[in-house]
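Written out below as structure tokens is the structure these notes cover.
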Amino acid sequence: MRKRHCPEPSVWNSSFTVARAPQPTFAIRRMAVHDILFLHDDPALFAEYDRRFGDRYRTKRSGSHLPQRFVDLYETAAKGVAPKSEYIAYQSIDTLLSLQQPHTDHPAEMTFYLVGQAKELLFKLVYEEICAARLSLVVDEADKAAWNLRRAAKALGPLTTTWDVLSGISPAEFNAFRDQLGSASGIDSFMYRMLEFTLGRKSESMARRHADVVGVSESVHRALHRSSVYDEALELLHRRGLLAGASGDGAWEPEAARQAWARVYQEHGPASDLFRLGETLVDLAHAFSRWRSLHLLLVERTIGNKPGTGGTTGIDWLRQAAEHRFFPELWEARSVLPSGAPPW
Ligand code: HEM
């Protein structure tokens with residue numbers, strides 16, 4: 001049985017839990033007539049089943065006592081693999097909904113599990129939008145980049161409100177399954193890390209956590225070493241004559257970058273694509289910081305001062321992480337803007 005928990009109830013006693021053993025167990029047995037329940041939607045397995053038991057269905061031999069449920073499944077499978085609706089096929093909904101395999105029967109674990117998966121999907125969405133924005137900046141399309149950044153900032157909304165769902169899990173409920181996590185922690189979310197790198201927060205040590213993960217380490221390495229969306233925004237300011245100095249490797253003087261953004265805000269105004277780009281980047285950084293702050297708050301109410309499963313001190317470590325700001329010179333530019341109405 002491939003699945004950790006077989007969702008199929010026992011054939012005759014629906015309250016009996018099938019295929020559960022206290023220890024990892026490997027069992028081999030002959031195919032049986034009731035296996036139609038498990039293999040009716042797999043064409044190769046069904047072909048073998050049909051070879052062995054098809055006669056019983058075709059001839060409806062007396063004494064075979066096939067339950068109607070078996071007959072229905074057999075007849076559907078015999079017509080070919082049951083067609084999927086276009087809705088299911090388009091987004092692989094059946095595959096997606098087969099990926100929930102919590103480690104305990106505690107209902108709160110399913111909530112935690114699903115929210116974690118939903119967050120990973122949304123990290124991916126934000127990541128894709130940021131990658132698209134980065135490419136638009138490379139070819140001087142600031143407004144097009146801002147459009148993708150705007151969508152990324154909006155996606156951070158649902159990412160952040162999922163902390164409310166998790167706050168419905170009491171500390172005792174969380175403790176009922178926390179040991180099952182082992183050393184699993186969001187700190188090892190490679191999608192989150194690639195997102196951070198692409199926004200400009202690079203860290204060799206965080207990338208090293210994925211060094212041995214086949215199929216992941218290459219993508220993490222690429223995200224670490226290519227320019228970030230913010231590097232490309234600064235390059236654009238340079239090409240437009242607002243950011244002086246030489247870079248090429250993205251190492252702009254922070255003071256020069258701060259002054260460049262201050263000029264965009266003071267001199268250009270909302271009619272300028274650079275102004276709109278700056279404010280959209282801040283929208284995104286703002287939304288990201290809210291995500292981090294509410295994560296910190298949730299962790300504090302759920303596990304208090306306990307260390308994290310990923311090996312950090314827990315809330316003290318997260319508090320420091322929550323203070324980080326993406327695109328720092330954009331935030332700092334606020335402090336140097338003069339008082340009074342701008343000229344635009
Ligand atoms: C009650 C639920 C949760 C608790 C108690 C919790 C706790 C923690 C703790 C203590 C850390 C610090 C690293 C460590 O030592 O583990 C951490 C990091 C992290 N967690 Fe959670 N977490 C929870 C839910 C989630 C969920 C659902 C996600 C989404 C995938 C998530 C994503 C992250 C990420 C991305 C980090 C790394 C943050 C960074 O690098 O700045 N957490 N979490």
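Say we look at region 312-325 and pick out the residues that are near the ligand (Cβ under 6 Å from one of its atoms) and out of contact with any Leu (no Cβ under 9 Å at 6 or more places or on another chain); which of these is nearest to Leu166 (Cα to Cα)?
The selected residue is Gly314.
Consider region 302-311. How many of its residues are open to solvent by less than 30 Å² (accessible area, probe 1.4 Å) and either more than 8 Å from the ligand (Cβ to nearest atom) or over 23 Å from Glu173 (Cβ atoms) (or both)?
Number of matching residues: 1.
How about region 173-190: which of its residues are touching a residue at least 12 places away in the same chain (Cβ under 8 Å), open to solvent by 60 Å² or more (accessible area, probe 1.4 Å) and more than 9 Å from the ligand (Cβ to nearest atom)?
Passing the criteria: Glu173, Gln180, Phe190.
Which one is farthest from Asp179 (Cα to Cα), of the residues in region 286-301 that are within 10 Å of the ligand (Cβ to nearest atom) and open to solvent by 30 Å² or more (accessible area, probe 1.4 Å)?
Residue satisfying both the conditions and the ranking: His295.
Among the listed residues Trp291, Trp331, Trp317, which satisfies the condition of being farther than 30 Å from Ala260 by Cα and either in contact with an Asp or Glu (Cβ under 6 Å, 6 or more places away or on another chain) or in the same structural domain as Gln259 (by TED's automatic domain parsing) (or both)?
The match here is Trp317.
Would you please name the residue that is farthest from the chain's Cα centre (by Cα), looking only at residues in region 155-172 that are open to solvent by 20 Å² or more (accessible area, probe 1.4 Å) and more than 10 Å from the ligand (Cβ to nearest atom)?
Filtering first and then ranking leaves Ala172.
Using beta carbons and a limit of 8 Å, which pairs, at least six apart or on different chains, have the first residue in region 306-323 and without any contact (Cβ under 8 Å) to a residue 40 or more places away in the chain and under 11 Å from Arg292 (Cα atoms) and the second one polar (S, T, N, Q) and outside any helix (DSSP H, G or I)?
Leu318/Thr312
Mind listing whichever residues of region 191-214 are within 11 Å of the ligand (Cβ to nearest atom), hydrophobic (A, V, I, L, M, F, W, C) and under 26 Å from Pro254 (Cβ atoms)?
The answer is Leu195, Met206.
Within region 62-137, considering only helices (runs of 4 or more DSSP H) that don't extend past its boundaries, which have at least 2 residues that are within 16 Å of the ligand (Cβ to nearest atom)?
Answer list for region 62-137: none.
The values are calculated or read from the model by the stated rules, or taken from the named source; none is laboratory data. The structure presented is a predicted model; accordingly, all values stated were derived computationally and were not measured. Because the Cβ atoms are built from the backbone with ideal geometry, glycine has one as well, and the counts that use them run over all protein chains shown. The protein model used for the area step is the full one, side chains on, heavy atoms only, and it has no ligands, DNA or RNA in it. Shrake-Rupley method; radii C 1.70, N 1.55, O 1.52, S 1.80 Å.
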